[in-house]
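Asker: Dropping a structure here in structure tokens format, bear with me for questions.
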Amino acid sequence: MAKRVWHPQSPWTLPDDTDERLLTCVAAAEAILAIEPMNRRLLTGLLDQVFWHATVHPHKLQIRWRSLEATREARLPLSRFLRHEHVFERAWLRSQLVDEGKEPAAVLPFAVACLVTVEEHARLRSVDDDLVGWQRYRAASIDVVDMRTGELVAHDELRRLHPVPA
């Protein structure tokens with residue numbers, strides 16, 4: 001049994017429009033990728049907006065995954081001390097779509113975010129570039145809490161929930 005480390009007054013719940021939001025993001029990515037010719041910088045910006053909207057659900061600070069240290073942060077405003085971090089970095093997501101030619105419906109489920117402290121964000125940016133997804137969190141020694149249950153989640157379990165695609 002996982003140890004509960006956070007006792008939410010109201011646990012995180014999956015927003016009602018989650019499926020519709022993902023389908024909209026997939027459709028937007030498909031439409032963007034179909035535009036020819038497309039300036040690379042504009043393509044990057046448009047896809048980044050899709051990834052952002054896929055991860056800020058329902059709000060950038062009210063997401064399912066949060067580092068243990070982020071659950072302890074009480075200074076206000078939270079947006080000054082916490083960072084909305086893309087578990088699978090936007091550059092990786094973009095590469096899967098543009099360079100690897102994968103379908104948006106297969107890539108966008110990896111648009112997952114985790115709220116981390118500013119210090120943890122710096123650690124994540126310094127890990128080996130070959131690490132992807134939750135592998136980066138293990139390398140940066142960042143423990144993650146599922147805000148739905150308030151329990152710490154083992155790194156192996158996180159990677160099972162969001163495995164790096166082949």
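Computed from the coordinates by the stated procedures, all read-outs in this text should not be read as laboratory data. None of these values were measured; they are calculated from a predicted model. All Cβ positions, even for glycine, are placed from backbone atoms using ideal geometry, and neighbour counts span all protein chains on display.
Asker: Against the longest principal axis of the chain, how steep is helix 18-34, in degrees 0 to 90 to the nearest 10, with axes from Cα atoms?
Answerer: Roughly 30 degrees, rounded to the nearest 10.
Asker: Counting other beta carbons within 10 Å of each Cβ, put Ile35, Ile63 in order, fewest first.
Answerer: Fewest-to-most ranking of Ile35, Ile63: Ile35, Ile63.
Asker: Next up: Order by neighbour count: Trp134, Trp12, fewest other Cβ atoms within 10 Å first, most last.
Answerer: In order of increasing Cβ crowding within 10 Å: Trp12, Trp134.
Asker: What's the FRET efficiency of Ala31 with His59 using the Cβ-Cβ distance as r and R₀ = 22 Å, to the nearest 0.05?
Answerer: 0.30
Asker: Sorted from largest down, what three extents in whole angstroms do the Cα atoms of the range 18-161 have along their principal axes?
Answerer: Extents along the principal axes: 47, 30, 28 Å.
Asker: Further, regarding this structure: Between the alpha-carbon centers of the range 39-81 and the range 82-149, tell me the distance in whole angstrom.
Answerer: Answer, in whole Å: 11.
Asker: Quote to one decimal, in nm, the extra length available between Ser141 and Arg125 on full extension: 0.36 nm per residue of separation minus the C-alpha distance between them.
Answerer: 4.5 nm
Asker: Next question, about the same structure. Under the 0.36 nm per residue contour assumption, what length would be gained going from the current alpha-carbon distance of Thr44 and Arg160 to full extension?
Answerer: So the chain would gain 38.9 nm between Thr44 and Arg160.
Asker: So, one more: With the contact rule set at Cα under 8 Å and sequence spacing of 6 or more, what percent relative contact order holds for the range 67-166?
Answerer: 31 percent
Asker: By how many nm would the segment from Trp92 to Asp16 grow when fully extended, if each residue of separation counts as 0.36 nm and the alpha-carbon distance is taken off?
Answerer: 24.6 nm
Asker: Rg/Rh for the range 28-101 to two decimals, with Rh computed the Kirkwood way over all alpha-carbon pairs.
Answerer: 1.08
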